[in-house]
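Single-structure report; data block below.
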Amino acid sequence: MKWWQKATVYQIYPRSFQDSNGDGIGDINGIIQRLDYLQDLGIELIWLTPMYVSPGRDNGYDIADYYQIDPIFGDLADFERLLKEAHQRGIKIMMDMVVNHTSDQHRWFQESLKGKDNPYHDYYLWRDPVDGHEPNNWLSKFSGSAWEYVPALNQYYLHLYEKRMPDLNWRNPQLREEIYQMMQFWADLGIDGLRLDVINNISKDKDFPNDTFETPSDDGRNFYTNGPHVHEYIHEMYERVFGPNNFVTVGELSSTPVSEAIRYTNPEREELSMAFTFHHVKVDYTGGKKWTLGQYRLSDLKRILSQWQTEMAAGGGWNALFWSNHDQPRAISRFLDDGQYRDQSAKLLALVEFGLQGTPYIYQGEEIAMKNANFTSIDQYQDAESINAYHQMLADGISEDLAIKILQQKSRENCRIPMQWDMTTNHGFTTGTPWLQPVVADDYSVATKAQAPDSVFAFYQHLVALRKTEPVLIEGQYQLLAPEDEAVYTYQRQLGDKKVRVIANFTDQTQQRANAAVKAVMMSNYPDQQLTTDQITLRPYEAVMLEIE
Ligand code: GLC
Ligand code: CA
């Protein structure tokens, strides 16, 4: 077993974590100040979203210089100090690496604009117009065409994301070489691994065919998701960087079937350690569309999670488990109750996640039950994806009111608001003006909520510790019970004779279910779970982890 299979990862969105100098933006020194807090939580690995030099069109996912820390976060010396301080506390660091695209401000792209003969021209995906139009009908994931026209060259460049984020041409061996050297630079500084941004999109079909638009996802992605050479490239990365440096890696793999995720993460193939996949957080996409007011059925959520549990295990792959990250609204607001049953809901989500097979991730603030921002005006948003989507919705005839409601439910900006440390101004995040408005009227903070023995924080702490001592949670075989039950999610893990059952009531109604004979209550999100031998009564959002006969 690998160390990272038992470990818990904590995701930091540096911009919103802790500001140390009053400029309203979180920074490296701020992270260092909070390492003791993370050590106390028990996590062993931190994933830091990008802090490289960037014009910030996509909050750092648009990199202009891979070799430097953006001055808003600090500098390389600060970063090295962070590594040292983290390592001293037994915490490893995984950096975010964005190599599907760069910023248009990156030197390579600026060179590539100079002419078709420039050696960097081929670092990007330039195409001539077809009949005076875009080379094909692919859509950007940030709305509109995926192609941007540059009159001086009479060519289009591909951008699967924001238009100032041109896609790199991975067919070019020199480009690949530069990327591996750059990754090695960070390895030499002492990082322990990488989270690889949209890594399954790096290999495009060389013919760039039109897509069919039969469903919302036939928008081009059939020709670049898990594309022709992607496994070759990732294996090459492994040979050049991940293997020799003993890296832990997690790939962000959107729109990926299990069969492919197995190929990426089965250790024999020497590609990635584990996979982020997103089917479970698309469970409330109405008709496959994100920008809708969605509802979900528990049976769908269970079916998706269970398929990934069973099939990844059978194929020797490894899941990264999560409910929330910087691209998702808060799961507690989206799937459960962030009002009356806020603590129970947060604990239920934690229990269901940590009971599954894979490596669990906590997104900053999840451990204190932070909830959605629920902005009421488009002016409060800064995120390009959300703002573009808003204008697209209005153009499609959706009312302003509804568009705002949809953003309140689906926008990733909801989870990017500053971390709530205490009840002083701006929740102790900054003494200045925060870059993104916090929710003011919320009494949930580390200072007010993380100390109590029955807090959400303590619950996470307990789960993090439990995974280190209970092999059944790491290796145990997964089985879904009562798949059609729309109120209660019950699953079991088994290793040898040891059987652990997780039972979670996803509703605000009391539910009664049959149960197996109980040996012990391992975890419970109500203080006083009384169990009889063959029946269980679950109060609203009640969740338990039981050892059974
Ligand atoms: C990933 C990141 C997201 C970013 C996108 C483009 O999905 O997680 O935040 O916008 O890639 O880099
Ligand atoms: Ca700062």
Exclusive hit being within 16 Å of ligand 1 (Cβ to nearest atom) and more than 21 Å from Glu252 (Cβ to Cβ), set Pro55, Pro14: Pro55
Quick check on segment 250-261. Is at least one of its residues more than 19 Å from the chain's Cα centre (by Cα) and surrounded by 20 or more Cβ atoms within 10 Å (Cβ to Cβ)? no
Within segment 127-158, can you find the residues that are touching a Pro at 6+ places or on another chain (Cβ under 9 Å) and aromatic (Phe, Trp, Tyr)? Trp147, Tyr149, Tyr156, Tyr157
Got a number for residues in segment 66-111 being touching a residue at least 60 places away in the same chain (Cβ under 8 Å) and within 16 Å of ligand 1 (Cβ to nearest atom)? 12
For segment 23-37, check the following and say yes or no: at least one residue is under 26 Å from Gln382 (Cβ atoms), acidic (Asp, Glu) and within 16 Å of ligand 1 (Cβ to nearest atom). no
Residue hits (segment 120-131; more than 19 Å from Pro209 (Cβ to Cβ) and surrounded by fewer than 18 Cβ atoms within 10 Å (Cβ to Cβ)) are Asp122
In segment 138-162, the residues that are in contact (Cβ under 8 Å) with a residue 24 or more places away in the chain, in contact with a strand residue (DSSP E or B) (Cβ under 8 Å, 6 or more places away or on another chain) and within 27 Å of Asp327 (Cα to Cα): Trp138, Leu139, Ala146, Tyr157, Leu158, His159, Leu160, Tyr161
Selection from segment 361-410 of residues on the phi > 0 side of the Ramachandran plot and touching a residue at least 12 places away in the same chain (Cβ under 8 Å) yields Gly365, Ala369, Asn374
Quick check on my filter: what residues within segment 186-208 are touching a Phe, Trp or Tyr at 6+ places or on another chain (Cβ under 6 Å) and surrounded by fewer than 20 Cβ atoms within 10 Å (Cβ to Cβ)? Asp205
Given (1) surrounded by 14 or more Cβ atoms within 10 Å (Cβ to Cβ); (2) modelled with pLDDT of 95 or more, identify the lone condition not met by Pro173. (1)
Being more than 15 Å from Val241 (Cβ to Cβ), at pLDDT 95 or above, more than 16 Å from ligand 2 (Cβ to nearest atom) and in contact with a helix residue (DSSP H, G or I) (Cβ under 6 Å, 6 or more places away or on another chain) narrows it down to one residue among Glu148, Glu134, Glu162; which is it? Glu162
Taking the condition assigned to a helix (DSSP H, G or I) and either under 21 Å from the mean Cα position of the chain (by Cα) or buried (at least 20 other Cβ atoms within 10 Å of the Cβ) (or both), does Tyr460 pass? yes
Being touching a helix residue (DSSP H, G or I) at 6+ places or on another chain (Cβ under 6 Å), closer than 15 Å to Ala152 by Cβ and buried (at least 20 other Cβ atoms within 10 Å of the Cβ) is the filter here, so list the residues in segment 81-119 that pass it. Ser112
In contact with a strand residue (DSSP E or B) (Cβ under 7 Å, 6 or more places away or on another chain), outside any helix (DSSP H, G or I) and away from ligand 2 (no atom under 16 Å from the Cβ) - does that describe any residue in segment 281-297? yes
Could you count how many residues in segment 493-509 are closer than 14 Å to Thr537 by Cβ and of a type in the set (A, V, I, L, M)? 2
Restricting attention to segment 411-454, which residues are more than 16 Å from ligand 2 (Cβ to nearest atom) and free of Cβ contacts under 8 Å to residues at least 40 places away in the same chain? Asp422, Met423, Thr424, Val440, Ala441, Asp443, Ala447, Thr448, Gln451, Ala452, Pro453
Tally, over segment 22-49, of residues that are buried (at least 21 other Cβ atoms within 10 Å of the Cβ), closer than 22 Å to Val248 by Cα and in contact (Cβ under 8 Å) with a residue 60 or more places away in the chain: 4
Going by the structure shown, is Asp40 more than 24 Å from Val456 (Cα to Cα) and not polar (S, T, N, Q)? no
Here are the criteria: (1) loosely packed, with under 14 Cβ neighbours inside 10 Å; (2) more than 27 Å from the chain's Cα centre (by Cα). Tell me which single one Leu76 does not satisfy. (2)
For Tyr264, the lone unmet condition from (1) within 28 Å of Pro14 (Cβ to Cβ); (2) touching a Gly at 6+ places or on another chain (Cβ under 9 Å); (3) without any contact (Cβ under 8 Å) to a residue 60 or more places away in the chain is (3)
Could you list, in sequence order, the residues of segment 465-478 that are without any contact (Cβ under 8 Å) to a residue 40 or more places away in the chain and closer than 15 Å to Trp308 by Cα? none
Of everything in segment 277-305, what is among the aliphatic types (A, V, I, L, M) and under 19 Å from Val352 (Cβ atoms)? Give them in sequence order. Val281, Val283, Leu298, Leu301, Ile304, Leu305
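The values are calculated or read from the model by the stated rules, or taken from the named source; none is laboratory data. Predicted, not measured: the structure shown is a model, and the values here were computed from it. Virtual Cβ from ideal backbone geometry, glycine too; neighbours counted across all protein chains shown.
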